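Notes for the one structure printed next.
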Amino acid sequence: MEAVIQVQNLTRKFGDLVAVDHVEFGVYQGEIFGFLGPNGAGKTTTVRMLTGVIDPSEGSVTILGHDTRKESLLSREHIAVVPEEANVYLDFSVWKNLMLMAELHGVTRDWRRREAERLLNTLGLAERKRQKARELSKGLKQRLMLCAALVTGPEVLFLDEPTSGLDVQSARLILQIVTDLNRNGLTVFLTTHNMSEASEMCSRVAIIDKGRIAAIDAPEKLSSTISSRQYVEVRFAGATPDHGKLESLPTVLQIDSDNRTYRLYTKMPGQVATQIVQLADKSGLEIMHLSTCKPTLEDVFLHFTGGSREGGS
Amino acid sequence: MTAQRQTVQTWRRQLHGTLVILKKNALLYYLKPPVLIFGVLFPVFFFLAFKMGRPIAPENVVPGMVAMGLWFTASAVGPLVTPWERRAKTYERLISTPVSLHAILAGDVISGLVFGTCLSLVPVLLGLVLTNASVASVPLLAAGIIMSGLSFASLGTLLAAPPASNPSNIMLLSNLVRLPLLFVSGIFLPIGQMPLWAQWIARLSPLSYASAVMCSAFGHPAFFPVGLSLLMLALFTGGFFLASCKFHSMWRAKGL
């Protein structure tokens, strides 16, 4: 399968600082591709190179076969960008913002009017089409951004933290619409800090750290690669066991505790769960809750970016 | 599709993009306070400061006032647009559309030209109605306004290139360039009466050539021949525009 976005050896330097370091990946037709990384990891710089806003120092990006440097205009015809910070024209009305973006993309008058009306209805902005963008709330501005991106009829949609700081209603609506569009074939490049969002929506994710790709795969496959981050979570009703006794259980690698809840990391969660039950039985302890858990995408993220969960013992 | 047809289509798309930028700028920036202050109020106050209490025939002032009005108005839009868009975070979005940076900058230049041309008609009409000034050559006046407006607007776009996200910094820079040149370009004192060193500096200012064309268009003697003045204005336009494309492209990544 040919990649819609093909990134090869992509590097960007700012003076001596290497912000993006020989990054390579491909995004395929109809995918929602998650791009995760801590602050300063090189996410925004990578997205800016993909969208043709800045040129790479080395390497290349092609969008639907068009090199973003050699055929920059052709490559940009296929994309639309929804940045994290709503950057609509505040002194323009909702309608004028949509018309401007559509006109800049060369969308014909009839098409852009029809599409704009449809999108305003879908995103709940129809009644506000004559209202100036500065009068909209953050959530509504973000919906307008999505409208302005979609009215251009893109084949690839870049979303940068689309739900960051939004109310639940706007966030859900935006994610639902993106998911629906993806089902109809739209390829989505999603940059996010929200792990559950990425885990739910993305068919594959890439984790970037210090300018390099640390991992890239389907979320569930990434989870299974770090078996050491599987854990057993146990909560006791009354007295709690001695920390040392839990630590001495075979195959337990690490323990995090928070009040009466313990999280025991192990490669063999089933075996550890049995041992905990035996220990509780022997010591007369009452277990309120016991569960075995696979690592979440957040665990995967922390594993690959060298972070750790807060609140551990 | 043949390569030739594709080229024609690309040019048409980019021209369309330029006109969309022009429309956006006209709707958004023509009435912004910095444009009105530096583009409209400045030339009015300079005119009053120059004229009041001086025994100069009003009709002799008109060509210089037209050139000065155009100098301030046409170059007022460019320095505002890019820094304003950088600050409002709309710049990144604009340059990710399939409109080239050249077409965007051409839109900014034409925005300055249209703004300058419209407002330069005010001193022309006031001069014709209130003084004994008369236009000796309408085509030359029109050509002078267009060529001067283009070169001044290109200068304005060039001045907007440094990656400042605060428009006031760029307005300050633009006034540092525009104000000194005003005094060595034959607006207040004929170039021939200036010291030799100032006459050489006058040759480096597009306003000197604009002033010469206006003088010729109103039938007054000019320091530079008309042909040379129009040629120099065309060269200034080309030079400023190419330089602004170069610097905007170079500093595109900064100030995003």
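The values are calculated or read from the model by the stated rules, or taken from the named source; none is laboratory data. Predicted model only: the values in this text are computed from it and were never measured. Using ideal geometry, Cβ is built from the backbone for each residue, glycine included, and neighbour counts are taken over all protein chains shown.
Somewhere in the stretch A:285-305, is a residue more than 27 Å from the chain's Cα centre (by Cα), assigned to a helix (DSSP H, G or I) and more than 24 Å from A:A198 (Cα to Cα)?
no
Which members of the stretch A:223-265 meet the condition of being assigned to a strand (DSSP E or B), touching a Ser or Thr at 6+ places or on another chain (Cβ under 6 Å) and closer than 17 Å to A:Q278 by Cα?
A:V232, A:E233, A:R235, A:V252
Could you list all residues from the stretch B:124-152 that are crowded, with 23+ Cβ neighbours inside 10 Å and of a type outside the set (A, V, I, L, M)?
Residues satisfying the conditions are B:G144, B:S148, B:G149, B:S151, B:F152.
Taking the residues in the stretch A:113-159 that are of a type in the set (D, E, K, R) and surrounded by 21 or more Cβ atoms within 10 Å (Cβ to Cβ) as candidates, determine which candidate is farthest from A:G185 (Cα to Cα).
A:K141
Can you confirm whether A:S93 is within 14 Å of another protein chain (Cβ to nearest Cβ), of a type in the set (S, T, Y), within 20 Å of B:H16 (Cα to Cα) and touching a strand residue (DSSP E or B) at 6+ places or on another chain (Cβ under 6 Å)?
no
Out of (1) buried (at least 19 other Cβ atoms within 10 Å of the Cβ); (2) over 13 Å from the mean Cα position of the chain (by Cα); (3) away from chain A (no Cβ under 14 Å); (4) without any contact (Cβ under 8 Å) to a residue 60 or more places away in the chain, what's the single condition that is false for B:P83?
Failing condition for B:P83: (4).
For the stretch A:48-55, indicate whether the set of residues that are within 20 Å of A:S164 (Cβ to Cβ), under 21 Å from the mean Cα position of the chain (by Cα) and either surrounded by fewer than 22 Cβ atoms within 10 Å (Cβ to Cβ) or among the acidic types (D, E) (or both) is non-empty.
Checking the stretch A:48-55: not a single residue is within 20 Å of A:S164 (Cβ to Cβ), under 21 Å from the mean Cα position of the chain (by Cα) and either surrounded by fewer than 22 Cβ atoms within 10 Å (Cβ to Cβ) or among the acidic types (D, E) (or both).
Pick out the one residue from A:I208, A:I287 that is touching a Leu at 6+ places or on another chain (Cβ under 8 Å), modelled with pLDDT of 90 or more and either closer than 24 Å to A:V27 by Cα or surrounded by fewer than 16 Cβ atoms within 10 Å (Cβ to Cβ) (or both).
Answer to the selection: A:I208.
Please work out which residue is nearest to the other protein chains (Cβ to nearest Cβ), limiting yourself to the stretch B:108-135 and to residues that are among the small types (G, A, S) and over 22 Å from the mean Cα position of the chain (by Cα).
B:A133
Pairs needed: first member in the stretch B:170-184, without any contact (Cβ under 8 Å) to a residue 12 or more places away in the chain; second member anywhere, of a type outside the set (D, E, K, R) and assigned to a helix (DSSP H, G or I); C-beta distance under 9 Å; at least 6 residues apart or different chains.
B:L179/B:F42; B:P180/B:I201; B:F183/B:A198
Which ones in the stretch B:1-33 are over 20 Å from A:R134 (Cα atoms) and touching a residue at least 60 places away in the same chain (Cβ under 8 Å)?
Correct list: B:R13, B:Q14, B:L15, B:G17, B:T18, B:L19, B:V20, B:I21, B:L22.
Taking the stated definitions as given, is A:P219 within 24 Å of A:D160 (Cα to Cα), crowded, with 18+ Cβ neighbours inside 10 Å and within 20 Å of the chain's Cα centre (by Cα)?
yes
Can you name the condition, by its number, that B:S75 falls short on among (1) away from chain A (no Cβ under 14 Å); (2) modelled with pLDDT under 90; (3) under 18 Å from B:N166 (Cα atoms)?
Against the list (1) away from chain A (no Cβ under 14 Å); (2) modelled with pLDDT under 90; (3) under 18 Å from B:N166 (Cα atoms), B:S75 comes up short only on (2).
Residue by residue through the stretch A:75-96, note down the ones that are assigned to a loop (DSSP other than H, G, I, E, B), modelled with pLDDT of 90 or more and of a type in the set (A, V, I, L, M).
Listed by number, the residues that qualify are A:V88, A:L90.
Going by the conditions given, is B:I104 within 18 Å of the chain's Cα centre (by Cα), surrounded by 23 or more Cβ atoms within 10 Å (Cβ to Cβ), closer than 26 Å to B:K254 by Cα and not acidic (D, E)?
When the stated conditions are applied, B:I104 passes them.
Only one of (1) surrounded by fewer than 20 Cβ atoms within 10 Å (Cβ to Cβ); (2) closer than 30 Å to A:D21 by Cα; (3) of a type outside the set (G, A, S) fails for A:C202. Which number is that?
(1)
Scan A:I79, A:I63 and give me the residue that is more than 9 Å from chain B (Cβ to nearest Cβ) and crowded, with 17+ Cβ neighbours inside 10 Å.
That would be A:I63, the only listed residue that is more than 9 Å from chain B (Cβ to nearest Cβ) and crowded, with 17+ Cβ neighbours inside 10 Å.
Name the pairs: first residue in the stretch B:88-107 and more than 7 Å from chain A (Cβ to nearest Cβ) and small (G, A, S), second residue surrounded by fewer than 24 Cβ atoms within 10 Å (Cβ to Cβ) and assigned to a helix (DSSP H, G or I), Cβ to Cβ under 6 Å, at least 6 apart or on different chains?
From the stretch B:88-107, the pairs are B:A103/B:Q14; B:A103/B:T18; B:A106/B:T18; B:G107/B:T18; B:G107/B:L22.
Which one of the conditions (1) closer than 26 Å to A:E135 by Cβ; (2) buried (at least 22 other Cβ atoms within 10 Å of the Cβ) does A:F92 fail to meet, given that it meets all the rest?
Tallying (1) closer than 26 Å to A:E135 by Cβ; (2) buried (at least 22 other Cβ atoms within 10 Å of the Cβ), A:F92 fails exactly one: (2).
Just to be sure I understand, how many residues within the stretch B:214-231 are assigned to a helix (DSSP H, G or I) and within 20 Å of B:P58 (Cβ to Cβ)?
Summing the residues that are assigned to a helix (DSSP H, G or I) and within 20 Å of B:P58 (Cβ to Cβ) in the stretch B:214-231 gives 4.
Among the residues of the stretch A:36-58, count how many are within 11 Å of chain B (Cβ to nearest Cβ) and assigned to a helix (DSSP H, G or I).
Total meeting the criteria: 6.
Out of (1) outside the structural domain of A:E85 (by TED's automatic domain parsing); (2) at pLDDT below 85, what's the single condition that is false for A:E233?
Evaluating A:E233 over (1) outside the structural domain of A:E85 (by TED's automatic domain parsing); (2) at pLDDT below 85 leaves (2) as the failure.
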